[in-house]
Amino acid sequence: MNFEPTPEQRLIADTARQFAEQNLIKKAAQRDRDGEFPVAELGKLAELGLLGVNIPEELGGAQAGVVAYSLALSEIAAADASVSVAMAVTNMVAEIICAFGSQEQKQTWVPRLCSGEAVAGAFALSEAQSGSDASSLRTKAEKIPGGYRLSGSKLWITSGDRAGVLVVWARTEGEELAARPDKASPASKKSAASGISAFLIPKDTPGFAAGRPEHKLGLRGSTTVPLTFDGCEVPDGALLGAPGEGFKIAMTALDGGRIGIASQAVGVARAALRAATDYAKERKQFGQAIANFQAIGNMLADGAVQLEAARLLTLRAALYKESGVPYSRAAAMAKLYASEMSGRVCDMALQVHGGYGYTQEFPVERYLRDARVQRIYEGTSEVQRLVIARSVLKEFSDHAS
C-alpha cells in the first residue's frame, strides 16, 4: 500500500500550490471583504488544467485523475477557500456531463468549462423546501413539442449567477408525490425520485434568472444565489441522460462532490494549523515562545493528527473513485470527518492566536468562517452519518447471513 503521490500527481499539486502562493494568498482577505468573484483567477486555473483535472484530454481536460484533483483542490483551498469552491463545482459539472451527457453535449460544454470560456459551472439541485431530501423538489419540467418548459425556483446555488452552464434538476413526473413529503411512504418516495430529470441550461436562456447573492458568514468570494425558472423553454437536447434519471445523476455527482469538500476541508485546516504553529513560535509570554508550553503543544499535536487522518481518508476515497470501485461510503466518511476536523482545527488555531485571532488582522478568523459550511453543503454531517450507518448495517447483515 503506497500513500505517496505519483510524480504526475505531485506535479499537479505543486502547480496548484505555486499558483495559489503567487496569485491567491495576498488577495484572499480583500476578496473576503469585497465579495469579489474570482473571474480572472478561474481563467488562470483553466490555463493550468485545473478546471478539468479528471476530464479526458480530448475534451480539454488534464486527465490526471481523482487523486490529483483532490491534492490540487486542497492546495487552492489552503490559499483561498472561495476560489476552491468555484473550482470544485466547475470540475464536478464537467464530470457530470462526461459521465451522462450525449456526444453533442460533451463536445459543446466540457471544453468550455475546462478552458474557462464558460467561467464556471453550477449545480442547481437544492430548493427552499428541498435540501437534504432532494426527492421532494418541486421545480417542474413540462414536456412541450421539441423540448421542455421549466417552472420553479432553486436556492443556495454556487456560482449560479456566473456559470456559463448549469445542471438543473426538475420534475418531469410524480408532482403529486412530491407535494406532501411529510406523508410520503418509502415506496412513494422512491417513485417521486424516479420522476426527476436533469437538464443543461445555458446562462442566457430566456425565462431563467439568477437573484441577488446571499450575504454569508464565509466563502464571501464565492457567490451563492437563488434561481428562478419562469416558463424557461429548452430543447430536447438539453435533457441530460434519460428522462427520470436525474436523481441517480445527482446522487452520483454528490458522492464525487463529497471528495471535493473533504479536500477543501483538508486544505483550509492545513492553512489554519500552519498559521497557529507559526504564531506559537513567534508569540512570547512569560519570557518564552508559547509553543514551548505543553498546553499549546498538545493543541498543535492533536490538530496535526486529525489533519493527517482526514487527509488519508480523503485520498482513500479519491483512489477508490479513480480505480472504479464503489466509493460512496468512503466519500461520506471522508467528508464527515474532514469537515468536522476542519472546524475543530480552525477553532484551535484561533484560540492559539488569542485575542489577535478574533480580529481580521490575522487570517484564522476567515479560516474558521470558511470552514463552517463544510458540514452543510454537499450533504450535511447528519446525512453523511445516514449513508455510513446504512452501509454498516448492510455490511454486518450480509456477514450474519
(request) Check whether at least one residue in region 261-269 is farther than 20 Å from TYR327 by Cβ and in contact with a Cys (Cβ under 9 Å, 6 or more places away or on another chain), and report yes or no. (result) yes
(message) For region 280-291, which positions are of a type outside the set (D, E, K, R) and loosely packed, with under 14 Cβ neighbours inside 10 Å?
(response) GLN285, PHE286, GLY287, GLN288
(request) Name every residue in region 363-401 that is crowded, with 19+ Cβ neighbours inside 10 Å, of a type in the set (A, V, I, L, M, F, W, C) and over 13 Å from LYS335 (Cα atoms), in order of residue number. (result) VAL364, LEU368
(message) With the requirement that a residue be more than 16 Å from ARG270 (Cβ to Cβ) and part of a helix (DSSP H, G or I), what does region 357-381 give you?
(response) GLY357, TYR358, GLU365, ARG369, ARG372, VAL373, ARG375, SER381
(request) Evaluate region 49-63: report whether one residue or more is closer than 17 Å to TRP109 by Cα and among the polar types (S, T, N, Q). (result) yes
(message) Tell me the residue from SER397, SER339, SER391 that is among the hydroxyl-bearing types (Ser, Thr, Tyr), at pLDDT below 95 and part of a helix (DSSP H, G or I), please.
(response) SER397
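Would you mind stating whether THR15 is outside the structural domain of GLY164 (by TED's automatic domain parsing) and in contact with a strand residue (DSSP E or B) (Cβ under 9 Å, 6 or more places away or on another chain)?
Values: outside the structural domain of GLY164 (by TED's automatic domain parsing): yes; in contact with a strand residue (DSSP E or B) (Cβ under 9 Å, 6 or more places away or on another chain): no.
No: the conditions fail for THR15.
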(message) So in region 177-204, with the set limited to residues that are more than 25 Å from the chain's Cα centre (by Cα) and of a type in the set (S, T, N, Q), which one is modelled with the highest pLDDT?
(response) SER191
(request) Having 2 or more residues that are surrounded by fewer than 22 Cβ atoms within 10 Å (Cβ to Cβ) is the bar; report the helices (runs of 4 or more DSSP H) wholly within region 19-120 that clear it. (result) 25-34, 39-47, 81-100, 103-115
(request) For residues that are free of Cβ contacts under 8 Å to residues at least 12 places away in the same chain and in a helix (DSSP H, G or I), scanning just region 275-296, find the one that is nearest to LEU71 (Cα to Cα). (result) ASP278
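Can you tell which of VAL352, VAL383, VAL364 is touching a residue at least 24 places away in the same chain (Cβ under 8 Å), of a type outside the set (Phe, Trp, Tyr) and closer than 23 Å to SER135 by Cα?
None of the others qualify; the one that does is VAL383.
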(message) Looking for something assigned to a loop (DSSP other than H, G, I, E, B) and farther than 30 Å from ILE144 by Cβ - is there at least one such residue anywhere in region 234-256?
(response) no
(request) Starting from region 232-248, keep only residues that are among the charged types (D, E, K, R), then list their pairs with residues that are crowded, with 16+ Cβ neighbours inside 10 Å whose Cβ atoms are within a distance under 7 Å, requiring at least 6 positions of separation or different chains. (result) GLU233/GLY147; GLU233/ARG149; ASP236/GLY147; GLU245/SER197
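The values are calculated or read from the model by the stated rules, or taken from the named source; none is laboratory data. Treat the numbers as computed from the prediction; the structure is a model and nothing was measured. Virtual Cβ from ideal backbone geometry, glycine too; neighbours counted across all protein chains shown.
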